[in-house]
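Undergrad: Shown below is the structure under consideration.
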Amino acid sequence: MGFAGAMVVAMAMDALLGWPAPLFARIGHPVTWLGRLIAAIDAAWNRASDPPSFRRAAGVAGAFLVIAVSVALGWMLQSMVSLGWIQMVLVGVLAWPLVALRSLHDHVAAVAKPLKAGDIAAAREAVSRIVGRDPATLDEAGIARAAIESLAENASDGIVAPVFWGALFGLPGIFGYKAINTLDSMIGHRSERHETFGWAAARIDDVANFIPARLTGFLFVLLATRRSEALSCMTRDARRHRSPNAGWPEAAMAGALGVRLSGPRIYHGSITDEPWLNEGARDPLAADISEGLTVYRRAMLLLAGVLAILAFA
């Protein structure tokens, strides 16, 4: 249970400090270090001249190499610290950069503020930092929808999932998960370059997020004012999402706020026709982003509280 306590330490430090800009300027961030390793493997091993089967095998090998290096580093660091309270605190400090609690909140809040003031241009600029869709095509509802979807999905990927694996296995768990998630974000998409090379990265990420995504959805349900609507929407619509995991927190949040999410959107000039979550509900507005942030804060507090009980009770 010491690892559960370590994750409470990590969450508390991130909520209080985030990842300070001077520290980022000086040493970067563990995710950027992982990104450089993945980019180097992608450049060296993902050759367009190779047959698809070879590129898929290279992608499998590359993914397992990045994950193995990350897990081994976590195990080595964890084995160097003493057991008991000292280990719990030090593991929490080392896990701190991998819990994006404050960063997610601040990025989403930065969309809500100009949108409430009617500054669509500034809101589009803010939302472009957290989503990949074309911001120039987004009206108020589209901006709010994009921000709420990002909040719901990244609450799972950026906080609940790393904390879940960290609570189970300590630094090897959280380091390994972050490697998996970064691999998926960089090479796990269905582009011409990464359709085969990123196949393993995407599949491993689906497995790693299976439990955390559903846990995040249930956390949102428990902390929503519209609890029955959130539960109904999640159990009904989660499987309609293109992702086997992201639909759970997004559908729960849609029901919690009484709005519709997902639906058609534009990426790189092309319309992607996605099904609606909570179809028939109204479109979200700026105020719904703030309400979503309230649900998010409550859910993260509940998660930290459960971990604290497991660690200290």
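Undergrad: Anyone know which of Val131, Val108, Val71 comes out most mobile in the 10 Å Cα GNM of the chain?
TA: Largest GNM mean-square fluctuation: Val131.
Undergrad: Hey, another quick one. Quick one: which residues, 5 or more positions from Trp276 or on another chain, have an amide H under 5 Å from its amide H? H modelled 1.01 Å from N in the peptide plane, none for Pro or chain starts.
TA: Long-range HN contacts for Trp276: Gly263.
Undergrad: Continuing with the same structure: Quick check on the stretch 71-229: take the gyration tensor over C-alpha atoms, sort the square-rooted eigenvalues as a ≥ b ≥ c, and tell me if it's rounded (a/c under 1.5), prolate or oblate.
TA: Prolate.
Undergrad: How long is the gain from Val60 to Arg26 if the chain were fully straight, where each residue apart is worth 0.36 nm and the alpha carbon distance is subtracted?
TA: 8.9 nm
Undergrad: Which net charge results when you count Lys and Arg as +1 and Asp and Glu as -1 among the other residues whose beta-carbon is under 11 Å from that of Leu101?
TA: 0
Undergrad: What percentage of the solvent-accessible surface of the stretch 107-177, computed with a 1.4 Å probe over protein heavy atoms, is contributed by carbon and sulfur atoms?
TA: On the stretch 107-177, the fraction of accessible area on carbon and sulfur atoms equals 54 percent.
Undergrad: Same structure again: Once you place label points 7 Å from the Cα toward the Cβ at Ala117 and Trp276, how far apart are they in nm?
TA: Those two pseudo-labels are separated by 3.2 nm.
Undergrad: Taking the convex hull of the alpha carbon atoms in the chain, what volume per residue do you get, in Å³?
TA: Spelled out: Cα convex hull of the chain, divided by residues, is 134 Å³.
Undergrad: Now for a separate question. Please give, to one decimal in nm, the separation of the simple spin-label points placed at Arg226 and Arg129, each 7 Å out from Cα toward the Cβ.
TA: 2.9
Undergrad: Also, quick follow-up: Using only the Cα atoms of the stretch 1-115, what are the Rg and Dmax in Å?
TA: According to the Cα coordinates of the stretch 1-115, Rg and Dmax are 18.3, 53 Å.
Undergrad: Lys/Arg Cβ at +1, Asp/Glu Cβ at -1, dipole of the stretch 1-135 taken about the Cα centre: which of Trp85, Ala58, Ser70 is farthest positive-ward?
TA: Positive-most Cα among the choices belongs to Ala58.
Undergrad: Restricting the calculation to Cα positions, tell me the Rg (one decimal) and the Dmax (whole number) of the stretch 176-288 in Å.
TA: Rg, Dmax (Cα atoms, Å): 15.3, 44.
Undergrad: With the full set of protein chains in place, find how many percent of the accessible area of the stretch 182-313 is carbon and sulfur; take the probe as 1.4 Å.
TA: The C+S portion of the solvent-accessible surface of the stretch 182-313 is 60 percent.
Undergrad: Per residue, how large is the accessible surface of the stretch 130-286? Use a 1.4 angstrom probe and give square angstrom.
TA: Accessible surface, normalised per residue, equals 39 Å².
Undergrad: Could you work out the relative contact order of the chain, using alpha carbon pairs under 8 angstrom and six or more residues apart, expressed as a whole percent?
TA: 23
Undergrad: Does a label point 7 Å from the Cα of Leu77, set along Cα-to-beta-carbon, have any residues of the stretch 172-186 with amide nitrogen under 11 Å, and which are they?
TA: 172-176
Undergrad: Quick one: work out Rg over Rh on the C-alpha atoms of the stretch 158-216, Rh as Kirkwood radius.
TA: 1.02
Undergrad: In addition: Percent relative contact order of the stretch 90-136, based on C-alpha pairs within less than 8 angstrom and at least six residues apart?
TA: After rounding, I find 27 percent.
Undergrad: Whole angstrom only: what separates the Cα centroid of the stretch 150-183 from the Cα centroid of the stretch 14-46?
TA: After rounding, the separation between the Cα centres reads 15 Å.
Undergrad: If a/c stays under 1.5 just call it rounded; otherwise compare a/b with b/c (prolate if a/b is bigger, oblate if not). Do that for the stretch 64-104, with a ≥ b ≥ c from the square roots of the Cα gyration tensor eigenvalues.
TA: It comes out oblate by the Cα gyration axes.
The values are calculated or read from the model by the stated rules, or taken from the named source; none is laboratory data. Computed from a predicted model, the values in this text were never measured in an experiment. Virtual Cβ from ideal backbone geometry, glycine too; neighbours counted across all protein chains shown. We work out accessible area using only protein heavy atoms, side chains counted, and drop any ligands, DNA or RNA first. Shrake-Rupley method; radii C 1.70, N 1.55, O 1.52, S 1.80 Å.
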